[in-house]
Amino acid sequence: MCASHILQHYLARPSTLTRPSLVLSALPSRPPSHSTSPIPFFHLLERLKTTKREGWRRFNITHGESISDHMYRMSIITMLCPPLLAQKLDIARCIRMALVHDMAESLVGDITPVDGVSKSEKSRREAATMDYLCQSLLGNVHTDSEQAKAIRDAWQEYEDSVTPESHFVHDVDKIELLLQMNEYERAQQGKVDLGEFSRVAKRIALPEVRVWAEELLREREQFWREQGRDASHVGISDEIKRQQDEYYRGAGKDGGGVNGHV
């Protein structure tokens with residue numbers, strides 16, 4: 001099997017992406033390790049621009065958002081943190097977290113709750129990828145050694161979900177998902193019901209962010225009324241609920257949330 005076909009196979013089946021090296025071996029041009037230049041790292045980041053968020057594909061949205069699309073809007077949302085909440089947070093840290101929290105998906109892909117990969121295994125793969133990015137690709141870039149550590153630390157802070165800043169960014173992750181859900185339903189003119197994703201609104205922990213979620217749900221209800229239907233959770237089976245709850249247990253402030261993965 002040629003390299004391009006191997007890569008397509010791995011990206012089509014996230015459950016097979018057990019090690020970053022498997023994807024690296026399939027790349028047309030593998031980035032050199034231990035370079036003193038950040039250019040190989042910059043090139044690898046292009047994969048965040050071209051790798052799609054997977055959950056929408058189940059609804060035949062084949063030209064959907066990329067991983068970097070998602071992270072970029074999240075970073076802008078964090079800049080507009082509600083004022084009373086912003087007084088309690090380090091917003092620069094939140095922005096950094098939003099920009100790097102899905103960086104590992106450049107190699108392991110966007111693993112979703114229905115892919116059959118446990119949260120612990122997902123975390124292991126992503127941690128290995130971040131170690132590769134920050135050590136093998138950036139470790140010898142002397143001018144950026146502190147920045148490499150800052151990237152790795154920001155990713156870990158989001159993953160651990162202990163700090164107030166990480167709780168806010170987890171909530172923003174959900175808000176970005178709700179925004180995209182509404183936008184795809186409108187773009188499809190009511191021909192696709194993405195209601196299963198609306199349940200993440202119930203998992204938003206911070207009251208200031210819940211205000212945004214409630215507005216988005218009202219917006220969605222209005223859209224479906226205009227289509228002559230009630231906004232619903234059509235298509236969300238008990239099995240999907242179980243997979244989401246199990247997969248994302250521990251994400252967010254309350255320790256039991258569902259984050260903004262699709």
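The values are calculated or read from the model by the stated rules, or taken from the named source; none is laboratory data. Predicted model only: the values in this text are computed from it and were never measured. Here the Cβ positions follow ideal geometry from the backbone for every residue, glycine too, while neighbour counts run over all protein chains shown.
Among the residues of segment 136-147, is there at least one that is part of a helix (DSSP H, G or I) and within 28 Å of R58 (Cα to Cα)?
No, segment 136-147 has no match at all.
Taken together, the criteria exclude R30 from residues that are modelled with pLDDT under 90, of a type in the set (D, E, K, R), closer than 21 Å to D102 by Cα and in a helix (DSSP H, G or I).
A quick yes/no check of all residues on (1) surrounded by 19 or more Cβ atoms within 10 Å (Cβ to Cβ); (2) in contact with a helix residue (DSSP H, G or I) (Cβ under 9 Å, 6 or more places away or on another chain); (3) at pLDDT 95 or above:
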{"site": "E54", "(1), (2), (3)": "yes, yes, no"}
{"site": "H63", "(1), (2), (3)": "no, no, no"}
{"site": "I67", "(1), (2), (3)": "yes, yes, yes"}
{"site": "I76", "(1), (2), (3)": "no, yes, yes"}
{"site": "L85", "(1), (2), (3)": "no, yes, yes"}
{"site": "R93", "(1), (2), (3)": "yes, yes, yes"}
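Mind listing just one residue for me: the one in segment 126-152 that is more than 18 Å from L48 (Cα to Cα) and either surrounded by 15 or more Cβ atoms within 10 Å (Cβ to Cβ) or of a type in the set (V, I, T) (or both) and, of those, modelled with the lowest pLDDT? Among residues in segment 126-152 that are more than 18 Å from L48 (Cα to Cα) and either surrounded by 15 or more Cβ atoms within 10 Å (Cβ to Cβ) or of a type in the set (V, I, T) (or both), the one modelled with the lowest pLDDT is D144. The residues of segment 33-46 that are at pLDDT 90 or above and under 13 Å from Y132 (Cβ atoms), listed by number, are P40, F41, L44. None of V169, V162, V100 is among the aliphatic types (A, V, I, L, M), surrounded by fewer than 17 Cβ atoms within 10 Å (Cβ to Cβ) and modelled with pLDDT of 95 or more except V162. Inspection of segment 104-123 identifies no residue that is farther than 23 Å from K52 by Cα, among the hydrophobic types (A, V, I, L, M, F, W, C), out of contact with any His (no Cβ under 9 Å at 6 or more places or on another chain) and in a helix (DSSP H, G or I).
The residues listed here are K119, K88; of these, the one that is over 17 Å from W155 (Cα atoms) and in contact (Cβ under 8 Å) with a residue 12 or more places away in the chain is K88.
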